[in-house]
Amino acid sequence: LQGATVNTYLLEKVRLVDRHANERNYHIFYELLAGIRSNARDKDRLLLESCTPHHFKLTASPSNTYRRRDAVSDEAAYHNMRHAMSAIRMDQEQQLDVMEVVSSLLHLSNITFLSHSQSDACTLDADNHHLPCALELLGVSLLHLQDALTTHSIQVGNELLIKSLSLERCTKALEARTQTKHL
């Protein structure tokens, strides 16, 4: 490495889960989806077969805001990023590990919950086809993710109290996990 330039950007965590109607989410999501279209091996590894920005809550836009305002091609930007990763000696496996994090966030954004009428409790919607993708990419079990998103634990003295969360609180827990996974 003979030289480098560092750019600093302000990345707002809240933008992952709540953005303005005419804004895109972070470019990396669109770049990934555009950049792997022609790479079957990466699409398979990242569990993004036949996926476009329309398929994910993180990237879907009611106002059809999918194009960059700077006229940069998402596909070209993805390939430039992968080239830059290679330039700093990240091998293909390491690069795909990073892309797995990005892909896991896309799938996490589509996870849904089932509210149980007899109580205020919720569970993960096991029929949601994004759930197994998120579990595989994150490397966690269904039980672990279920506990993390649908319950709250409180240590009182020597006793551990576990409280089920409401649908609204489960949704907020998912948003919080998405934001912390990102950073």
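With angles folded into 0 to 90 degrees, how steeply does helix 167-182 sit against the dominant principal axis of the chain? Use alpha carbons for both and round to 10.
With rounding to tens, the tilt is 30 degrees.
If you fit an axis through the alpha-carbon atoms of helix 74-87 and take the longest principal axis of the Cα set of the chain, what angle between them do you get, 0 to 90°, nearest 10?
80
Going 7 Å from the Cα of E136 toward and past its Cβ, which residues in the range 108-122 have a backbone nitrogen under 17 Å from where you end up?
In the range 108-122, the label zone of E136 (backbone N under 17 Å from the point 7 Å along Cα→Cβ) covers 108-111.
Could you point to the residue in A76, L58, T112 farthest towards the positive end of the chain's charge dipole, with +1 and -1 charges on the Cβ of Lys/Arg and Asp/Glu respectively?
The Cα lying farthest towards the positive end belongs to A76.
Counting only GluC sites (Glu not before Pro) that are in a DSSP loop and have at most 13 other C-beta atoms within 10 Å, tell me the longest site-free stretch of the chain. It would help to have the intermediate numbers written out before the result.
Details: sites that count: E12, E23, E49.
Longest gap between qualifying sites, sites excluded: 50-183.
Looking at the range 63-170, which trypsin sites (Lys or Arg not before Pro) are in a loop (DSSP not H, G, I, E or B) and have at most 15 other Cβ atoms within 10 Å? Numbers along the way, then the final one.
On the way: sites: R67, R68, R69, R82, R89, K163, R169; in loops: R67, R68, R69, R89.
Within the range 63-170, the qualifying trypsin sites (Lys or Arg not before Pro) (loop, at most 15 other Cβ atoms within 10 Å) are R67, R68, R69, R89.
For the chain, what are Rg and Dmax over the alpha carbons, in angstrom?
18.5, 65
Local charge sum around A77 (other residues, Cβ-Cβ under 9 Å, Lys/Arg +1, Asp/Glu -1)?
Working: positive: R68; negative: E31, D74, E75.
Here the count lands on -2.
Mind listing the Cα extents of the range 93-183 along all three principal axes, in Å, largest one first?
Ordered largest first, the range 93-183 gives principal extents of 44, 32, 20 Å.
How large is the accessible surface of V156 in square angstrom, using a 1.4 angstrom probe and rounding to the nearest 10?
Its heavy atoms expose roughly 80 Å² to the probe.
Using protein chains only and a probe of 1.4 angstrom, how many square angstrom of D147 are accessible, to the nearest 10?
Result for D147: roughly 80 Å² accessible.
The values are calculated or read from the model by the stated rules, or taken from the named source; none is laboratory data. Since we're looking at a predicted model, the values are computed, not measured. Here the Cβ is made from the backbone with ideal geometry for all residues, glycine too, and neighbour counts use every protein chain on show. For the accessible areas, the whole protein counts, side chains as well, though only heavy atoms, and no ligand, DNA or RNA atoms are used. Shrake-Rupley method; radii C 1.70, N 1.55, O 1.52, S 1.80 Å.
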